[in-house]
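Please read the structure below before turning to the comments.
What follows is calculated from the coordinates using simple rules that are stated; it is not laboratory data. All values reported here derive from a predicted model rather than from experimental measurement.
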Ligand SMILES: [Zn+2]
């Protein structure tokens with residue numbers, strides 16, 4: 001399922017391909033396609049919206 005997240009460094013929107021079979025709570029790092037900085041993505045499935053919601057944080 002394709003989901004968007006906003007880069008925590010440059011604010012640009014990126015698309016991430018979330019693996020639905022990996023569960024309703026996921027966390028992984030993905031580089032921004034614009035500024036190439038590593039974002040740590042926290043993904044959870046929102047059953048009301050019936051889609052994944054992604055929260056992006058800077059890698060500490
Ligand atoms: Zn960026």
_Relative contact order of region 2-58, defined on C-alpha pairs under 8 angstrom at six or more residues apart (%)_ = 33 percent
_Taking every pair of distinct Cα atoms and averaging 1/r, then inverting, what Kirkwood hydrodynamic radius in Å comes out for the chain?_
11.5 Å
*How much length is gained if the chain between residue 3 and residue 31 is pulled fully straight, taking 0.36 nm per residue apart and subtracting their Cα-Cα distance, in nm to one decimal?*
8.6 nm
